[in-house]
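Colleague: The structure that follows is given in the form of structure tokens.
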Amino acid sequence: MPDVREPCCGRLDNLEEEMVNLRAILEVVYHVPADFSLEQVDVCGQCWPVAGATGGDHLVFVDFKRRFDLDRRVRRARRAGREDVAHGLEHNRDRLGVLLADVAGHQMTDALVAAMLHQAFLVGVLYELEQYGEITPRLIEVLNTRFYQSSSVSKFVTMVYGEIAEDGTFRFILAGHPRPMIFSAEFDRFVSIGEDRLVSFPPIGVFPSESDVDRDMSSRSPHYARRYTVNEVNLMAPGDILLLLTDGILEHERDDEEFAPGRLEEALRAAKHLPSAAILDHVRAEVLAFAPQQDDMSLVVIKRR
């Protein structure tokens, strides 16, 4: 009788080697910088997958001053007579972009969807800077179209993309994602963002974009994601804290008690005097002390110095 164990073990060894290679690639994609170029705003963010080293949450920072040669880009735009592009590029000198996304699920396949978003987003950023000098809502509309065409509905992506400026202004687009939360240093608590200042759109990939000129050729849905609009909030006072988070924290619970917003507010109140990295560590510790992790979790802390 032939011995089939050796070929089987060989295939398993090859599969394990491929998984190691895949994890190494994803770890590079998931790398988050430790510090940023803003002087008046302190920022820190991190993802904590629930299953292994990767998951469905994904975080990308766009530190315009460190990632791009803005001086050279401005000169090139002006030589080409594109003053509007040069003007947009100049504005990026005091901005930091933040993309936080949550792919439905937390398996390796969901990490691959997040990696697809990572690359598509950064390619789009390059194109936007060339065309407009800054990131526009058009990029999010194109991402929505691409994911609608390539992903099943069960793999939709919630997302927030925003840009924090040195003056504390945070301009952002929401796509089915938990809204930002602001902790006021003056009032020592969370303050609400008026509904008139907050517009949210469906998750990425659920509906075709209204702006997609090809939508009638492949649309599976009678509904469309309307053109994206930008929300704006302000960290007005030194010490104000803005949080971006995924539902792994927002829906974290123990029995019938939820961690947010009450316990989350208490955690911020206790750590509000700390820098953003220490606030993030404190919140993370309080989350895990409250109950074991049940889902991928991500948190971005943005604090006005």
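Colleague: Taking GLY105 as the residue in question, decide whether it is in contact (Cβ under 8 Å) with a residue 12 or more places away in the chain, more than 15 Å from the chain's Cα centre (by Cα) and surrounded by fewer than 19 Cβ atoms within 10 Å (Cβ to Cβ). Give the steps one after another, and end with the answer.
Modeller: Numbers: in contact (Cβ under 8 Å) with a residue 12 or more places away in the chain: yes; more than 15 Å from the chain's Cα centre (by Cα): yes; surrounded by fewer than 19 Cβ atoms within 10 Å (Cβ to Cβ): yes.
Spelling it out, GLY105 is indeed in contact (Cβ under 8 Å) with a residue 12 or more places away in the chain, more than 15 Å from the chain's Cα centre (by Cα) and surrounded by fewer than 19 Cβ atoms within 10 Å (Cβ to Cβ).
Colleague: Another question, then. Working only within segment 173-206, note down all residues that are assigned to a strand (DSSP E or B), without any contact (Cβ under 8 Å) to a residue 60 or more places away in the chain and touching a Pro at 6+ places or on another chain (Cβ under 9 Å).
Modeller: Residues satisfying the conditions are ILE173, LEU174, ALA175, GLY176.
Colleague: Turning to a different aspect of this structure: Quick one: which of THR158, THR136, THR169 is touching a residue at least 12 places away in the same chain (Cβ under 8 Å) and farther than 25 Å from ASP240 by Cα?
Modeller: THR158
Colleague: If I ask for residues that are under 22 Å from ASP94 (Cα atoms), surrounded by fewer than 17 Cβ atoms within 10 Å (Cβ to Cβ) and under 16 Å from the mean Cα position of the chain (by Cα), which ones from segment 108-135 would you list?
Modeller: LEU122, VAL123
Colleague: Another question, then. Please find, within segment 50-64, the residue that is farthest from ASP110 (Cα to Cα) out of those that are crowded, with 16+ Cβ neighbours inside 10 Å and free of Cβ contacts under 8 Å to residues at least 40 places away in the same chain.
Modeller: Looking at residues that are crowded, with 16+ Cβ neighbours inside 10 Å and free of Cβ contacts under 8 Å to residues at least 40 places away in the same chain, I get PHE64.
Colleague: Among what's in segment 216-246 and is at pLDDT below 90 and touching a helix residue (DSSP H, G or I) at 6+ places or on another chain (Cβ under 8 Å), pick the residue that is nearest to ASP42 (Cα to Cα).
Modeller: Among those residues, the one meeting the criterion is THR229.
Colleague: Could you please find all residues in segment 68-91 being more than 10 Å from GLY133 (Cα to Cα) and without any contact (Cβ under 8 Å) to a residue 24 or more places away in the chain? Spell out the reasoning first.
Modeller: Of all residues in segment 68-91, those more than 10 Å from GLY133 (Cα to Cα) come to 68-69, 71-72, 75-76, 78-81.
If the condition is that a residue be more than 10 Å from GLY133 (Cα to Cα) and without any contact (Cβ under 8 Å) to a residue 24 or more places away in the chain, then ASP69, ASP71, ARG72, ARG75, ARG76, ARG78, ARG79, ALA80, GLY81 are the ones that fit.
Colleague: Check off (1) under 18 Å from LEU242 (Cα atoms); (2) among the β-branched types (Val, Ile, Thr); (3) free of Cβ contacts under 8 Å to residues at least 24 places away in the same chain for VAL43 and give me the number that stays unchecked.
Modeller: (3)
Colleague: Scanning for something farther than 17 Å from CYS47 by Cα, modelled with pLDDT under 95 and in contact with a Pro (Cβ under 9 Å, 6 or more places away or on another chain), does segment 96-119 turn up at least one residue?
Modeller: No, segment 96-119 contains no residue that is farther than 17 Å from CYS47 by Cα, modelled with pLDDT under 95 and in contact with a Pro (Cβ under 9 Å, 6 or more places away or on another chain).
The values are calculated or read from the model by the stated rules, or taken from the named source; none is laboratory data. This one's a predicted model, so the numbers in the text were calculated from it and none came from an experiment. Here Cβ is always computed from backbone atoms with ideal geometry, including for glycine, and neighbour counts include all displayed protein chains.
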